[in-house]
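Only one structure is covered here, and it is reproduced in the block below.
Please treat every number below as a calculation from the coordinates, not as lab data. Keep in mind the model is a prediction, meaning the values are calculated, not measured. Cβ coordinates were reconstructed from backbone atoms using ideal geometry, including for glycine residues, and neighbour counts include every protein chain displayed.
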Amino acid sequence: MLVIVALFKRQVVKDTLAAYKALPAQKKRNVLFLNIGGSVLLTINWFSFIYAMNHVSIKSASLAYLVCPILTTLLAWGFLREKLSKLQWGAVGLSLIACLLLSYANLMDMFYGTLVGLSYACYLVSQRQNTGFDKFVVLAFHIVLSAVMLLPFYPVFGHPLPAEDSFYIYMLIIAVLFTIVPLFLNLFALKRLTSSTLGMLLNINPIIGFTLAGVIYHEHMSTVQILSYSLIFVAVVVFNMGKVLGGNRKELGLAR
């Protein structure tokens, strides 16, 4: 990302710095808080997600993005005053029922899922307020600051650099396709969508993850889990029906 910024975004960076310097003192502090806080939240989210994926279960990591839409919706309603229709609240209720069913099956999965989901929900809600700057430059700042924060841990947790080419290929795929691109698209989507809508659409992620856990990694799937994920799928459909039927067509780009 730094290479892209250096080669293609130098003027954008200059404009961003100029815009920041022109802000009132209070606004400058708010912008710093949103961006430094956003980087901290991303770091917590990544670490907890990777830990859950490798040391708990794939389902616990998948559960995080079932809990995340509920938390995002509640945070957006409480802090950003985003409005929801009764049908959308019904969809949130379905998601909550599904998560409670899953937590009954495995409390440890629910604990780690809530930790991962809460950190990303807070990130989405906070970045909804982080407007007026180029999203790619903002994301580059978040990731670079995250790397700086992680450097002190390297002497304790670091290992010799892998020699296998496959390691670097996989890391490149994970970094670009599964981290940078989705994060950038999320920040870009927040320019048009509310935090609650974007959060609910994130339910597509765990549905895919749950499917992969069963089909590719052959993790056991109970009847309760299958029922819960089915409820989540229905909730996504109902929530977006509520968005259209509720008359909020401007957000979807359908307004005249």
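For the stretch 217-224, in order, what is each residue's ³J(HN,Hα) by Karplus, 6.51 cos²θ - 1.76 cosθ + 1.60 with θ = phi - 60°, in whole Hz (x at glycine and Pro)?
Once θ is set to phi - 60°, the couplings for the stretch 217-224 become 9, 6, 6, 5, 10, 7, 4, 4 Hz.
List 179, 223, 43 from most exposed to least, where exposure is judged by having the fewest other Cβ atoms within 10 Å. Mind showing how you got there, number by number?
Details: 179 15, 223 8, 43 19.
In order of increasing Cβ crowding within 10 Å: 223, 179, 43.
How many nm is it between the label spots at residue 11 and residue 211, if each spot is 7 Å from the Cα in line with the beta carbon?
Each label point lies 7 Å from its Cα, and together they span 4.3 nm.
Work out the count of Lys pairs in the chain where the Cα-Cα distance is under 27 Å, with the pair 8 or more places apart or on different chains.
Lysine pairs satisfying the spacing and distance rule in the chain number 28.
From the phi of every residue in the stretch 56-62, what ³J(HN,Hα) in whole Hz does the Karplus formula 6.51 cos²θ - 1.76 cosθ + 1.60 yield, where θ is phi - 60° and glycine or proline is x?
Values, residue by residue: 10, 5, 5, 5, 5, 5, 5 Hz.
Find the Cα radius of gyration of the chain, compare it with 2.2 N^0.38 Å by division, and give the number to two decimals.
Expressed relative to 2.2 N^0.38 Å, the Cα Rg reads 1.08.
In deg cm²/dmol and to the nearest 500, what is the mean residue ellipticity at 222 nm of the chain if only DSSP H runs of at least 4 residues count, each as -39500 (n - 2.57), divided by the residue total?
My calculation for the chain gives -25000 deg cm²/dmol from helical runs alone.
Quick one: compute the contact order of the chain, relative version, from alpha carbon pairs under 8 angstrom and 6+ residues apart, as a percent.
Values: 270 pairs, mean separation 83.5, N = 256.
This gives 33 percent for the chain.
Just how far, in whole angstrom, is the stretch 1-76 from the stretch 154-178 if you go by their alpha carbon centroids?
21
Could you work out how far apart the two model spin labels at residue 189 and residue 218 are, taking each label as a point 7 Å from the Cα in the direction of the beta carbon, and quote it in nm?
Between residue 189 and residue 218, the simple spin-label model gives 3.4 nm.
Could you put 27, 86 in order, starting from the residue whose Cβ has the fewest other Cβ atoms within 10 Å? Before the final figure, lay out the partial values.
Details: 27 12, 86 8.
Placing the least packed residue first, the sequence is 86, 27.
For the peptides 51-61, 11-21, 30-40, what is the packing order when you average, over each peptide's residues, the other Cβ atoms within 10 Å and list the highest mean first?
The most tightly packed comes first, giving 51-61, 30-40, 11-21.
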